[in-house]
1. Take residue 368, project a point 7 Å from its Cα along the Cβ direction, then tell me which residues of region 451-480 have their backbone nitrogen under 15 Å from it.
2. Rounded to the nearest 0.05, what FRET efficiency do residue 187 and residue 288 give with R0 = 51 Å and r taken as the Cβ-Cβ distance? Could you check?
3. Any idea what the relative contact order of the chain is, in percent, if you count C-alpha pairs under 8 Å spaced at least 6 apart?
4. Can you tell me the accessible area per residue over the chain, all protein chains present, probe 1.4 angstrom, in square angstrom?
5. Once you sort the root eigenvalues of the Cα gyration tensor of the chain as a ≥ b ≥ c, which label holds: rounded (a/c under 1.5), prolate (a/b larger than b/c) or oblate (the other case)?
6. Check residue 531: other-chain or 5+ apart residues with amide H under 5 Å from its amide H, H built from backbone geometry?
7. Using only the Cα atoms of region 72-200, what do you get for the radius of gyration and for Dmax, in Å?
8. Rounded to the nearest percent, how much of the accessible area of region 493-576 (1.4 Å probe, protein heavy atoms only) is carbon and sulfur?
Amino acid sequence: MITKDIKHLLVAGWLFCGAAAALTSCGDSFLDVTSKTETTTGNYYKSETDAARALIGCYDGWQCTVSSGPTFSFHYASELMGDACFGGTGANDARNSQVMDRFDINQDPSQVNLHNGLWDYYYKAIYRVNELLSHEEEITWSSDATKGRIMGEARAMRGILYFDLARLFERVPLLSVPSTANVPQSEPADIYAQIVSDLKYAAANIPADAYPKSDAANNDGRITCYAAKAMLARVYLFYKGYYGSDPEGLTQAEALQGLEDIVSSKEYALVPLYKNLWPAASDSWTQDANGNWTEESTYAGNGNSETVLSMKFNYTSDYNGNAGGNNTIQMLSVRGGTFKAPYGQGWGGCTVSKKMVASYPTGDQRRQASIIDLKSEGIADMKEYEKALPDQREYTGYFNKKYTARSKWFQGDDGSWTLTHYYNDVMGGDFQISQPQDYVLIRYADVLLMAAELGSTNAQSYFNQVRERAFTEQTADGTTQLSSYYQAKTASKANILEERRLEFAFEGIRYWDLLRQGVDVAAQAIAASGEAVTTGGSDDVVSIQAANITSKRGFCQIPLTQIQLSNNVLTQNQGW
């Protein structure tokens, strides 16, 4: 049983699974002997302790899909493909982000392996989960509840991993046992049937009291039965929207009931002020007349009342095999240096479109909490930033604030103050690998809006809760009040989808909400007829053709390396 925040155990999981990945039996040889000290598949999976350790390794494998190799994590790819951001990055960088943003390999024909790292780490993670699940009957379980919890978390992880792969690539190899076999791609119906089966098992078998919110400090990051139910609803909405039928094994009524179970559990609640959901948005710095800096943070904290499921990451200080940071952060952050607290340095990807900025109505608190406005926050006019700007591609004046690198002011022994990036409240680390911020996959607001969309009898109430929070502001005396700009709306499907666009901006959700409305709808929303930007300090425009998206049916290219390694058993997706 994990007794500390799961992210602090992921390094141990990495060490364990680094060995576990090599747990394969040797061929017959007179040199083969039975080890009395080494762990092998033949002597390991016997006790619940073994299973619990292996499960930590599975969580680490899941974390590695972001932290260890892929330049394009699922989150980063999802934002590039959506309608809120452009490719960005450096003015002289390879145009790999533009390939994704425009669905156009001609942006950089060399990018035929754009997702090879992602593909590799996802299947490594799936292998770890399958290895644990394959030994289920060999383990001596103390109770059905313990078995259900451990096997449920593992199966939920596999379901989530395949859900990401199926959304990105549609047809992928489906492996439910630990195997490196060269198998062809499965059809979407079969892949989603496995996803549903895994998540339904988790929803039914992870005990409801296994990881109570009241003890989030010790279990944050664990997959609960409620997280599995919420993910099932997300699976249902995407599959039904894109393919026009229910996925095998899951009905609309079942998906909705799972969400209602989450609400009625009373384990979750909306954080009262939207900005307090995000570390940077809730952090402010003031300087007194003597030049001293003071920080005020109102961050609701990791594992707060609204977090239904999050991926955990580690502080990482070196490149010595201990990768564990949220590498997506570096891609999404302001390029060129550390200019103003609380923002740190990154690679300048996913510059926010001016159209997205203008989408927020007056009084909507989510705009300021979600978007770094370099002009209004005084960064754009700083001489240091003006020097860095020529290195930025597709500059719009806006970056996301939810997932951004951090900085703070530190006072030295001589009393002087230095602005620098920081991790875990200490100076140091590397901005490329040392980002520990959680990636929140599902929030309670999503539960409410999905339930409203699926036809809950409380749809209007759920919709109102999310919308009213968006217009809740803090007064000078520290209390909160509903803004005079708030206007009530009916919980129609169109209004719910628009609310989702603003509520979940930059959280890796919007593109899939678009695609499940149909590839033509997604393509028209994403197409850009020429928004003015600057690249390298010179005028530029972003143009995205709807036909590039529809010709590919909204899916990504299979990495060429994987097709070649399969001896062409794998086939490329349409349009690529």
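1. Answer for this model: 470-480.
2. Efficiency at R0 = 51 Å is approximately 0.20.
3. 18
4. In whole numbers, the chain has 39 Å² accessible per residue.
5. Since a/c stays below 1.5, the shape of the chain is classed as rounded.
6. Counting only residues 5 or more places away or on other chains, the set is 542.
7. 18.0, 59
8. Working: 1560 of 3320 Å².
It is 47 percent, rounded to a whole number.
The values are calculated or read from the model by the stated rules, or taken from the named source; none is laboratory data. What you see is a predicted model; the values in this text were computed from it and never measured. Here Cβ is always computed from backbone atoms with ideal geometry, including for glycine, and neighbour counts include all displayed protein chains. In case anyone asks, the SASA skips ligands and DNA or RNA and just uses the protein heavy atoms, side chains included. Shrake-Rupley method; radii C 1.70, N 1.55, O 1.52, S 1.80 Å.
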